[in-house]
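Okay, structure first, notes after.
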Amino acid sequence: MAAMSRGANVALTREIPGLTRIVVGVSWNAGAERVLQDNLVLATVLCDADSKALSPEHVVFFNQLTSPEESVAQVETALAGDDEQVEIDLSGVPAEVNRLVVVLYLNDGTAQRRTLGQLRELTVVVREAAGSRELVRSENLASVLSGETALVLGEVYRHQRDWKFRVLGAGYTSGIAGIAADYGLPL
Amino acid sequence: MIGQPPASAPPRPDLGWLRHRTLRPVPGTAPAPEPPRPAAPPAPSPARSSGLDLSEPSPPARSSSAGLDLSEQSSGLDLSTPAPARRAPAPSLDLSSPLDLSGPPAAAPPAAAPPAAARRPSSSLDLGDPLDLTGPAAAPSPRASDPLSLGPTPVRSPDAPPAPVRAPAAAAPPVRRTVPRLAPGGRVILTRRDPTVTLTRVQSGVGTLTIEAIVSAAVGDVRIGALYALADGTSGLVQLATGIGTAPPHSRRPVVTGARAAHERLTVDLRQTRALRRLLVHVFSESGRELDWGGTLRVTTFGGARVEVPLDVGQHAGPVAVLSLYAIDGEFVLRAEAEPITGAVREVAAAYGYDRITWADGATPVL
């Protein structure tokens with residue numbers, strides 16, 4: 001299975017009929033950078049057709065583990081070698097949600113500043129929820145990063161009657177604030 | 001009725017949340033005004049304005065949160081009528097209501113009074129319905145104009161016990177009290193009247209939360225500190241003036257950090273928001289002399305929204321407890337305290353229940 005490059009997409013539910021529950025995982029190698037490792041956050045934003053977050057409750061991350069209808073849920077203990085995972089019940093996603101944007105950001109805490117460019121490796125993977133079978137995996141997204149502090153890893157989106165997954169790898173030097181501005185995420 | 005304490009009760013300005021509660025009939029006295037009412041159903045509001053209580057979920061005997069009470073009680077009521085009503089949403093309830101019609105119609109008029117009394121401790125939504133019961137003839141027509149009991153009630157008014165119990169449960173969705181929120185980029189000033197604001201989980205979990213004491217030098221040598229309780233059960237003090245700049249002390253990865261910039265500030269690392277249980281921010285004069293307090297405590301979210309607490313507590317020598325923060329289900333509830341405390345920070349800790357701290361002296365915790 002070839003690694004998906006940036007911009008590549010795959011028709012999940014068409015390729016695998018009957019697929020309803022998937023896990024989007026991210027795995028990274030931060031080397032010895034503990035501060036970097038500690039402050040990485042995976043977040044999933046449930047967006048409408050205009051790519052805007054539906055509400056503050058439609059952001060799934062460590063402090064809000066599910067969306068209101070519980071179709072998207074942060075996995076508290078990631079399995080299968082991933083560092084962070086989010087589980088998505090595609091059939092339960094509300095009709096008004098058009099895309100699920102999966103982002104990784106560095107929390108701008110009190111620690112010294114780090115950047116995603118310090119990551120040696122960063123890949124996003126889509127798995128079948130039952131059994132964690134790997135469906136697709138992205139190329140190493142870290143290779144072209146430098147001063148970014150947030151990154152849109154990819155998105156799971158509706159296309160006609162299918163769900164597709166696209167690798168984005170779009171970096172933001174302005175961190176989660178930049179992503180929040182673009183996706184109407186109310187901070 | 002909001003903000004109007006009963007004449008008999010002493011006002012409790014210290015319990016801000018009480019202010020948003022409605023006046024409840026005393027369980028003993030409540031049944032009494034009940035019988036006279038059927039005579040005049042359209043104007044059933046005596047001194048209590050209980051006719052309006054239809055829309056106000058104020059259970060007489062409960063003290064827990066109103067939104068929950070409502071659902072709880074309707075389920076409790078279902079016990080008397082073994083129906084699928086408890087979990088069922090509105091439509092299915094309507095379906096079941098015609099069944100009640102055929103059910104106990106004969107027993108209705110005599111049974112009216114006792115069930116009404118028995119039902120007293122239930123939600124106030126029921127308050128309107130006893131009207132139907134006791135005055136079966138007159139009730140239906142005025143009832144029909146009532147928005148809450150529109151369809152089913154007029155038909156069911158003759159049969160007493162089960163129907164009115166269910167009707168409100170079906171008609172009214174569970175009422176959720178809305179809490180004051182902080183709009184993105186917005187600004188909230190906490191006062192004695194409106195002392196709390198609740199941040200969303202995003203505001204409580206992304207970036208940092210900055211707490212600054214904005215006090216001009218004219219007021220005096222004002223410093224800031226905070227007592228904290230962490231999820232692991234430990235408590236302590238973070239206060240640069242005492243040489244404790246982080247919480248926990250000497251931490252490689254502090255949850256709260258003190259710093260001095262233009263104003264002295266505390267910064268909460270929200271990546272670790274789930275490690276924080278509660279926080280109490282206080283300000284004090286470093287030299288310990290009496291100050292004529294002024295200025296503002298400002299809390300800034302990562303998105304730039306602000307919560308402000310005025311520090312105008314007048315002349316006071318000891319510390320001032322300014323703001324408490326409680327992490328409730330991932331959401332930060334901020335509450336203005338603005339309470340002058342006599343003594344030192346140890347007395348602040350005692351006043352707010354931070355009892356898992358030991359002290360070398362009034363100002364120095366043993367951490």
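Order of A:S67, A:S138 from fewest to most other C-beta atoms within 10 Å? Could the numbers behind the result be given before it?
Details: A:S67 26, A:S138 23.
Listing A:S67, A:S138 from fewest to most nearby Cβ atoms yields A:S138, A:S67.
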Check your understanding: Relative to a virtual label point 7 Å from the Cα of B:D292 in the Cα→beta-carbon direction, which members of region B:209-241 show backbone nitrogen distances below 14 Å?
Key -> B:216-220
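What is region A:133-187 by shape, rounded, prolate or oblate, if you read a ≥ b ≥ c off the alpha carbon gyration tensor as root eigenvalues and call it rounded for a/c under 1.5, prolate for a/b larger than b/c, and oblate otherwise? Don't skip to the answer; put the middle values down first.
Working: a/c = 3.10, a/b = 1.28, b/c = 2.41.
Judged from the Cα gyration tensor, region A:133-187 comes out oblate (a/c at least 1.5, b/c at or above a/b).
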Check your understanding: When you look at the Cβ of every residue in A:87-99, what mean number of other chain Cβ atoms sits within 10 Å?
Key -> 0
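Grab the beta carbon distance between A:R120 and A:R161, set R0 = 51 Å, and tell me the FRET efficiency rounded to 0.05. Mind dumping the intermediate values first?
Values: r = 40 Å, r/R0 = 0.78.
Result of the calculation: an efficiency of 0.80.
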Practice item. Using label points projected 7 Å from each Cα along Cα→Cβ, tell me how many nm separate A:D182 and B:A259, to one decimal. Key: 2.7
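Assuming R0 = 56 Å, what is the FRET efficiency of A:E128 and B:V175, from their Cβ-Cβ distance, to the nearest 0.05?
Details: r = 42 Å, r/R0 = 0.74.
Once the sixth-power term is evaluated, E becomes 0.85.
Suppose a student asked you for the relative contact order of region A:9-182, using Cα pairs under 8 Å spaced at least 6 residues apart; what percent would you report?
Relative contact order, region A:9-182: 27 percent.
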Check your understanding: Order of B:208-221, A:2-15 by packing, highest average Cβ count within 10 Å first?
Key -> B:208-221, A:2-15
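Placing +1 at every Lys and Arg Cβ and -1 at every Asp and Glu Cβ, with all other atoms neutral, what dipole size does region B:187-366 have around its Cα centre, in debye to the nearest 20?
In debye, rounded to 20, region B:187-366 gives about 620.
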**Study point:** Inter-chain Cβ neighbour average for residues A:58-68, partner chain, 10 Å
**Key:** 4
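With the cut-off at 1.5 for a/c, could you classify region A:88-187 from its C-alpha gyration tensor as rounded, prolate or oblate? Don't skip to the end; give the middle numbers.
Numbers: a/c = 2.27, a/b = 1.46, b/c = 1.56.
It is oblate, given that a/c is not under 1.5 and a/b is not larger than b/c.
I'd like the FRET efficiency for B:A317 and A:V144, computed as 1/(1 + (r/R0)^6) with the beta carbon distance as r and R0 of 60 Å, rounded to 0.05. Spell out each step's value before the answer.
On the way: r = 60 Å, r/R0 = 1.01.
Between B:A317 and A:V144 the formula returns 0.50.
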Check your understanding: To the nearest Å, what is the center-to-center distance of region A:97-143 and region B:223-299, using C-alpha atoms only?
Key -> 34
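In peptide B:269-279, how many Cβ atoms from other protein chains are near each Cβ within 10 Å, on average? Kindly include the intermediate steps, with their values, before the conclusion.
Numbers: counts 7, 6, 12, 6, 3, 2, 0, 0, 0, 0, 0.
Taking all residues of B:269-279 together, the mean is 3.
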Check your understanding: So for chain A: antiparallel DSSP bridges make up what percent, rounded to the nearest 5?
Key -> 100
Study note, to complete from the structure: Here the residues of region B:301-317 lying in the modelled label zone of A:D48, meaning backbone nitrogen under 17 Å from a point 7 Å along Cα-to-Cβ, are none
Revision key, fill the gap. Checking region A:67-134 for GluC sites (Glu not before Pro) in a loop per DSSP with at most 10 other beta-carbon atoms within 10 Å yields A:E76
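Starting from the Cα gyration tensor of region B:208-367, take the square roots of the eigenvalues, sort them a ≥ b ≥ c, and report rounded, prolate or oblate (rounded when a/c is under 1.5, otherwise prolate if a/b is larger than b/c, else oblate).
Numbers: a/c = 1.55, a/b = 1.19, b/c = 1.30.
Oblate is the answer for region B:208-367, as a/c is 1.5 or above yet b/c matches or exceeds a/b.
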Check your understanding: What's the exposure ranking of A:T66, B:T358, going from fewest to most Cβ atoms within 10 Å?
Key -> B:T358, A:T66
Exercise for review: Can you tell me which of B:184-191, A:176-183 comes out highest on packing, and rank the rest after it, using the mean Cβ neighbours within 10 Å?
Suggested key: A:176-183, B:184-191
Point to revise | In range of the label at B:H250: residues from region B:338-367 whose backbone nitrogen is under 16 Å from the point 7 Å along Cα→Cβ | key: B:365-367
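Here, each number is a calculation from the coordinates, and none is a lab measurement. Since the structure is predicted, the reported quantities are computational estimates derived from the model, not experimental observations. Positions of Cβ are generated from backbone atoms using ideal geometry, with glycine treated the same way; all protein chains shown enter the neighbour counts.
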